[in-house]
Amino acid sequence: MGWEKTIKHLSTLALVDVDMSRVGSLARDLEKIVEMFNKIAELNIPEEVEPLYTTFFGEINVGEDNELESMGIGELDPSGKRLESGYLKSPKTL
Amino acid sequence: MTLPPQCTQLSSISIKTLRRRVEEDPDFLFKYIEEVYRVIEKYEERLRAYITLRPMSDVIREVENIVKRGKLGPLGGALVAVKDNISTRGIRTTCGSKMLEDYVPPYDATVVRKIKESGGIVIGKTNMDEFAMGSTTENSAFYPTLNPWDLSRVPGGSSGGSAVAVAACEATVALASDTGGSIRLPAAYTGTVGLKPTYGLVSRYGLVAYGSSLDQVGPIGRCVEDVAAVLDVISGHDPRDSTSLKVGVGGFEKYVVGSPLKKYRIVVIEEMVSEGVDEKILKTFNSVVDLLSKHDVTVEFRKMPLLHYSLPTYYIIAMAEASSNLARFDGLRYGIRSDVEGKLWVDVYRKIRLAGFGDEVKRRILLGTYVLSEGLYEGYYLKAAKVRRLIYQEFTKLFKDYDAAISPTSPTLPPRISEVITDPIKLYSLDIDTVPINLAGLPAISVPGGFIDGLPVGVQIFGPPLSEGSLLNIAKLIEGGGCG
Amino acid sequence: MDSEVLIGLEVHVQVTSLRTKLFCRCSSNYRGNPPNTNVCPVCLGLPGSLPVLNKKALEKAIAVALALNSRVSDKLVFVRKHYFYPDLPKNYQVSQYDRYGLTPIAIGGSVAVDVDGSSKVVRIRRINIEEDTGRIAYPEKSVLGSRYALVDYNRAGVALLEIVTEPDLRTPREARVFLEKLGSVLEHLEVADTSLEGAMRADANVSVAGGPRVEIKNIGSPKDLEKALNYEIARQLNIVKSGGTVERETRHWIKERGITVASRVKELEGEYRYFPDPDLPPIPIGRELVEAIAKSLPELPDQRARRIAREYGIGDYMASVLVLHKKLCDHFENASRVCGNPKLVSSILINEFLRWVDEAGVDVPSGITRLSTDRLCKLVQYFESGLVSIKLLKEYVRRAVLEDTSPEELLSKGLTTLGEESEIERVVEEVFRENPKAVADAIRDPKAVNFLVGQVMKKTRGRADPKLVNEIIRRRLAEYGVK
């Protein structure tokens, strides 16, 4: 019921390609899981209930505006294949 | 303490014993290390607890340097197995994924730094479900880890490698992470002790995020005392994590005593011991409750119908956060690489993410994207966040009357390999009793409560925020006995 | 009324006054650094890294909100905005949002602008705090000719304020003046140095004749904004005139070519999947903090315009133009104090200086170093003493701005009112009239000419060219019949 189309759309948004030969079984799995999700729809929640996004209730850390060590990017590229004169090589953007 | 057949007497000693013996004779540490590597040599090929194991010579060299400097610290040279989603400078950190097969981080997670500063030695990086998504360690991109008690069964997940390394005496203790039960479930299935701390007690800096509002790093040990010793070291404020509590460090070891430190009032939530729980598990659970009653602990029953909604609430939130946290893996800066010349970025990203992520990860990314998308956000993500508030409030109310709650860690014995992996709902249901704790940010510990047919059964104790001391004390009552 | 133009802006301003980035302690001063050197696990988005807010950034944002008459939220809420692009290390941007009960740092507000003498109020919709992206360069000079791109993450994570207006602007000129004014407010607050390359960027939403909204991205300065809008409005009107329909789309301003072009890759707009960032729980913003910041706000452009109009006796309009550029206004006040004649100074700066700065594409600060206080005072002095006429004065300003030439140099080259023969003839006439005896002497004795030359030089305070004076006197004497 439209799950294959939904999967295509989600796959475009998340840049996660799906093996289209197995899309049927994936659709069945996702449908089953979303059915499990749908259970929360039966709950009537009073308007005034605020969503809870974190259970951290302490004082949030903030930082001072002074410099600490920077590391550079070299250590990420032991093979030297990712960098070109210090820049990271990327596929074409246009 | 009951140990699986892989352990030897020397390889199964506790941190405290290790510390004492090394103080008497510094060479003891090398004997111990050699013994642990002997166990590894013999069993690791079957068990596959590790993704990356450091060669013994490297470990010995590191220890020699520490011994030369004179101070071993509170961990006394303990060999710490670290889950492979915790960043280790210079040691590859794969998260159990093809995506990060060759990723060698340039920095240490705060917990790893603290372990090293306290005389702990990282022995290797342990196997896990890819990006901690799974409950059996079968979702590792490399290989599954087997349960040391029965090689035909899973060790639980997602921290199966950490739990097995400890259970089978291939390490002294382990670090793992718990988003919805990933420490407690494998601890229960392997007969070890695993603790998921209060959200914010242990720094997340360097833990590769799965569900950021749910994730916590915690220890796995063969006994409560070892778990307390590691918690002492890794807890405490970290300025690099915005969600790190400003609390004092340590002091947990003093709670590990064989008698109750206060007259505990403990609650059993009926929903956690009724539907879907294996009869045999219930029998073991009830014997543990009886044992506690003998310790002058009050045990009462309460209902919490809202828990019926905890599984969907948990999975909606975890997948939403996961879809966001895993967006950064595109192969450009780190991780598997593709040639870039002459190609368009979007094609390269698609190719990398297709090759780098496994099926379960893709499923969760797609569903996380789904629940956050325009038009569905309010019905799924926002609604789940509201249910989360209600669950949180229920627990807050509950713990006004009780010091702690107790439940089975898992409704079932460890499943056989391939038994649940093909059915996502069956797989997710293994977490039924562990996920509510993460939704509410509470601390919880899983401790062995007995054996059925030679397989360990875990009991979960959880309590209000920052009640780790009481949980360790109660766990010790259940554990009884010594600690190797 | 049907050809009405509606323009709304989304302005991105880097908080260049911060030493470090928004969520890590890397230097935010990336300009001139080798690529990928001021980066760390956090701004590179390495697995496991976590953001920690630079608390100064919050204070700066509150100051901006107050200066723009915006309502500061009682909590700071960050969200993740998801889209993939190689300049975005985490493939989401930490930003803010105004739906689902979430809130930006400030809502509402207004900026008053004077455009060619008439005033209007532009409403602010909201202000966001967010992180900047990295920068993309190309190995070949041409984008299309390159087989790959190069990314520099030094800029990634620098604190940005996104200031969004209501569609209250009606002409490209208004939009330009608004952006200048906004920049000036930020400069007065010492939040940003908007003259730095890339420190203030705008996206403009334009519609004509009730048509759909077209978004133009990538506009780097107030002047370019005016140009881009002129181009885009003409483009849209042309389509309408020839019976076509304008497409709702995103276009890019190509500065070098002076045109807007449609984005080639259609972005997945509106599918950003915003949700609260679990790594950055809300931070309460105390009223005491807001009040303390309100108390310590410096003088802002509107107040300053009123003050300088009064203090220096210049017109309100002149004052309103001067305060559009903080550094220009500082220059005006400084020069007026040193060399006096604020009316002349303001007129030089507004009518001449700005024009040439604009024409030459020189930015105001470097223009000011060329027309320094010293030079400005010299000009005032030359004008007051009659050495230069108003016409020449303009020439002096032009050459100072365009060629960095000093007034002294131009004067010594004879570029003076007195360099013009007619002016010297006038003085010579005067000297002849006042010294009939000396004239008679000179007619008799050519050596006595020197006295007359001396008198002319005295009257011109030595600034006339003696050779030219000599020549004119001899010519004049010749008329009296002397050889």
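The values are calculated or read from the model by the stated rules, or taken from the named source; none is laboratory data. Just so you know, these numbers come straight off a predicted model, no measurement behind them. When we count neighbours, we look across all protein chains shown, and the Cβ atoms used for this are built from the backbone with ideal geometry, even at glycine. Side chains included, ligands, DNA and RNA excluded: accessible areas come from the protein's heavy atoms. Shrake-Rupley method; radii C 1.70, N 1.55, O 1.52, S 1.80 Å.
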Report the paramagnetic label zone for C:Asp404: residues of segment C:340-383 whose backbone N is under 17 Å from a point 7 Å from Cα along the Cα-to-Cβ axis. C:357, C:360-376
Cysteines of chain C lacking any other cysteine beta carbon under 4.7 Å? C:Cys24, C:Cys26, C:Cys40, C:Cys43, C:Cys329
For B:Tyr50, residues with placed amide H under 5 Å, excluding near neighbours: B:Asn127
Compute, for B:Glu253, the solvent-accessible surface of its heavy atoms (probe 1.4 Å) with the complete set of protein chains present, and express it in square angstrom to the nearest 10. 60 Å²
Which entries in A:Lys81/B:Lys116; B:Lys362/C:Lys81; C:Lys343/C:Lys378; B:Lys351/C:Lys255 show an alpha-carbon gap greater than 27 Å? A:Lys81/B:Lys116; B:Lys351/C:Lys255
Kindly report, to the nearest 10 Å², the accessible surface of C:Glu421 as traced by a 1.4 Å probe over protein heavy atoms only. 80 Å²
Place a point 7 Å from the Cα of C:Arg170 along the Cα-to-Cβ direction; which residues of segment C:198-231 have their backbone N under 14 Å from it? C:209
Residue-ordered couplings for segment A:58-64, obtained by feeding phi - 60° into the Karplus form 6.51 cos²θ - 1.76 cosθ + 1.60 and rounding to whole Hz (Gly and Pro as x), are x, 7, 6, 5, 10, x, 7
Only sites in a loop by DSSP and with at most 16 other Cβ atoms within 10 Å count here; which trypsin sites (Lys or Arg not before Pro) in segment B:383-481 make the cut? none
A 20 angstrom limit on the alpha carbon distance is what I want to check against. Which of C:Lys437/C:Lys467; A:Lys92/C:Lys141; C:Lys90/C:Lys141 exceed it? C:Lys437/C:Lys467; C:Lys90/C:Lys141
Partnerless Cys - chain B, beta-carbon criterion under 4.7 Å: B:Cys95
If you take the Cα atoms of segment C:227-380, find Rg, then find the Kirkwood Rh from the mean of 1/r over all pairs, what is Rg/Rh? 1.15
A:Gly63 long-range amide H proximity, modeled H, under 5 Å: C:Leu53, C:Asn54, C:Lys55
Largest first, what is the accessible-area ranking of B:Asp278, C:Asp98 with a 1.4 Å probe? C:Asp98, B:Asp278
Whole-Å distance linking the alpha carbon centroid of segment B:91-113 with that of segment B:414-476 is 26 Å
Given the whole protein assembly as supplied and a 1.4 Å probe, what does the accessible area of B:Met56 come to in Å², nearest 10? 70 Å²
Efficiency by 1/(1 + (r/R0)^6): what FRET value for C:Arg19 and A:Glu69, r their Cβ-Cβ distance, R0 = 22 Å, to the nearest 0.05? 0.95
Rounded to whole angstrom, the alpha-carbon centroid of segment B:371-386 lies from that of segment B:1-63 at a distance of 48 Å
Sparse-neighbourhood loop sites, GluC sites (Glu not before Pro) in segment C:1-102 - DSSP loop, at most 13 other Cβ within 10 angstrom: C:Glu4
Could you look at segment C:190-251 and say what percent of its accessible area is carbon and sulfur, using a 1.4 Å probe and all protein chains? 47 percent
Could you derive backbone 3J(HN,Hα) for segment C:310-317 from the dihedral phi with the Karplus parameters 6.51, -1.76 and 1.60 (θ = phi - 60°), listing whole Hz in sequence and x where the residue is Gly or Pro? 6, 5, 10, x, 9, x, 4, 5
With the cut-off at 22 Å, tell me which of the pairs A:Lys89/B:Lys343; A:Lys39/B:Lys386; C:Lys75/C:Lys217; B:Lys71/B:Lys246; B:Lys42/B:Lys125; B:Lys196/B:Lys246 have Cα atoms farther apart than that. C:Lys75/C:Lys217; B:Lys71/B:Lys246
In whole Å, largest first, what are the principal axis extents of the Cα atoms in chain B? 66, 56, 44
Taking the alpha-carbon centroid of each part, what is the distance from segment B:151-180 to segment B:227-302 in angstrom? 20 Å
With θ taken as phi - 60° and the coefficients 6.51, -1.76 and 1.60, list the Karplus ³J(HN,Hα) couplings across segment B:239-250 in order, rounded to whole Hz; mark glycine and proline as x. x, 8, 10, 4, 9, 9, 6, 8, 10, x, 9, x
What FRET efficiency, computed as 1/(1 + (r/R0)^6) with R0 = 30 Å and r the Cβ-Cβ distance, is obtained for C:Leu196 and C:Leu300, rounded to the nearest 0.05? 0.90
Amide hydrogen neighbours beyond the local backbone of C:Tyr148, cut-off 5 Å, H modeled: B:Gly342
Approximate shape of segment B:120-229 as ellipsoid semi-axes (Cα gyration tensor, √5λ), whole Å, largest first: 19, 17, 12
Please arrange B:Leu471, C:Leu66, B:Leu53 by accessible surface area, largest first, computed with a 1.4 Å probe and ligands excluded. B:Leu53, C:Leu66, B:Leu471
Cleavage-rule hits (GluC sites (Glu not before Pro)) in segment B:361-438: DSSP loop, at most 16 neighbouring Cβ within 10 angstrom: B:Glu374
Going by accessible area, probe 1.4 Å, with all protein chains left in place, what is the ranking of B:Tyr309, B:Tyr32, largest first? B:Tyr309, B:Tyr32
Among residues other than C:Lys467 whose Cβ falls under 13 Å from its Cβ, what is the net charge (Lys/Arg +1, Asp/Glu -1)? -1
Just going by the charge dipole of segment C:242-320, with Lys and Arg at +1 and Asp and Glu at -1 on Cβ, which of C:Val261, C:Val290, C:Tyr274 is farthest out on the positive end? C:Val261
B:Phe451-B:Ser259 pseudo-label distance in nm [points 7 Å out on the Cα-to-Cβ vector]: 3.0 nm
